[in-house]
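Beneath this line is the structure, given in structure tokens, with notes to follow.
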Amino acid sequence: MSKFYKYQGTGNDFVMIDNRQNWFDDSPKHVESLCHRRFGIGADGLILIENSQDFDFKMKYYNADGNEGSMCGNGGRCAVKFAADLGIFESSTSFIAVDGPHTATLEGSEVSLGMIDVSEVLDEENGYFLNTGSPHLIIFVENVDELDVKTLGSSIRYSDYWMAKGGVNVNFVEILDQNNLKVRTYERGVEDETYSCGTGVTAAAIVSSTKKGLVHSINIQTLGGRLNVSFKGVKEFSEINLQGPAVRVFEGEILS
């Protein structure tokens, strides 16, 4: 029962565990050791697929630091692909995560994930804040490729202001045109820039629409690939969908 799987969604990578028999040791120390990129498997996070009485499955997400995290959009898409690979469903599913119920559809390796509704976007001193299942700060920039995302993101995430609020994920967003963004993200829990962040690009798309006049279906370029976010609403947002690839990379056995 010590088998693991590795999946990635636009470069956001996860250790995946089928925990429907409740065998896995989810202590923070164990999870952190598995996610370590030198002494473990290496991943941005770890995801358990568990049984649920009311849904097809339950998704539990842990950050690379070993602690259970808030919702992860790319992790959710990978969890959907993993659940399909396990034979839990074929083309459409409903599951429960830390932020509530989600629906999703699968076509090949493309996963379209329904995200939670967003009720407000708050103006902050250096950007815009909203919660898309995880808390995100959106900062618009002119040339995102030139930024030192780890240094800038860390300084904001660990500022007294945001630490008092539990920390925040920091997204630097460049508008390319009315349909396209480029986004780079510093993720709390990973404490580094990641190749992609699903809840982050969702937040970036919503803020770009409501504050910058972009359309309601936006393509987002991340370091790890392209995603699409579509939604409805002007001040309150619903029918939010995050779409992109989820790929099984390899499988193995946990020895310790």
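Observations
- Taking a Cβ cut-off of under 9 Å around Leu86, the surrounding Lys, Arg, Asp and Glu residues balance to a net charge of -1, with basic ones at +1 and acidic ones at -1.
- Each label point was placed 7 Å from the Cα along the Cα-to-Cβ direction; for Glu124 and Asp145 their separation is 2.7 nm.
- Annotation: the residues Asp13, Asp123, Asp65, Asp56, sorted from fewest to most other C-beta atoms within 10 Å of their own C-beta, follow the order Asp123, Asp65, Asp56, Asp13.
- Where GluC sites (Glu not before Pro) in DSSP loops with at most 12 other Cβ within 10 Å are excluded, longest remaining stretch of the chain: 143-235
- 0 to 90° range, to nearest 10: angle between helix 73-85 axis and the chain longest Cα axis: 30 degrees
- Crossing angle, helix 198-212 versus the chain [Cα axis fit, 0-90 degrees, rounded to tens]: 20 degrees
- In the chain, the sites counted are trypsin sites (Lys or Arg not before Pro) in DSSP loop states with at most 16 other Cβ atoms within 10 Å, and the longest stretch holding none of them, exclusive of the sites, is 39-164.
- Net charge dipole, the chain: roughly 220 debye, given to the nearest 20, about the Cα centre with Cβ charges of +1 for Lys and Arg and -1 for Asp and Glu.
- Simple spin-label estimate for Ser91 and Asn51 gives 2.9 nm between the two label positions (7 Å along the Cα-to-Cβ direction from each Cα).
- Estimated purely from DSSP H runs of n ≥ 4, each contributing -39500 (n - 2.57), the mean residue ellipticity at 222 nm for the chain is -5500 deg cm²/dmol once divided by its residues.
- Net charge over other residues, Cβ less than 12 angstrom from the Cβ of Val144 (K, R count +1; D, E count -1): -4
- Legend: distances between Cα atoms for Lys211/Lys235; Lys58/Lys182; Lys29/Lys81; Lys212/Lys232; Lys3/Lys81; Lys6/Lys58; pairs beyond 20 Å are Lys58/Lys182; Lys29/Lys81.
- For segment 43-85, size of Cβ-based charge dipole, Lys and Arg +1, Asp and Glu -1, in debye: 100 debye
- When His30, His36, His102, His136 are arranged by Cβ crowding within 10 Å, least crowded first, meaning fewest neighbours, the order is His36, His30, His102, His136.
- In this structure the amide hydrogen of Asn51, modeled in the peptide plane, comes within under 5 Å of the amide hydrogens of Lys58, none closer than 5 places in sequence on its chain.
- Put the Cα centre of segment 128-170 next to the Cα centre of segment 49-123 and the gap is 24 Å.
- A Förster radius of 30 Å combined with the Cβ-Cβ distance from Ala164 to Val98 puts the calculated FRET efficiency at roughly 0.85.
- Remark: Leu122, Leu147 ranked as Leu122, Leu147, counting other beta-carbon atoms within 10 Å and listing the fewest first.
Where a number appears in this text, it was derived from the coordinates with a stated rule and is not lab data. Because the structure is predicted, anything quoted here is derived from the model rather than measured. Cβ sites come from the backbone with ideal geometry, for glycine too, and all protein chains shown count toward neighbours.
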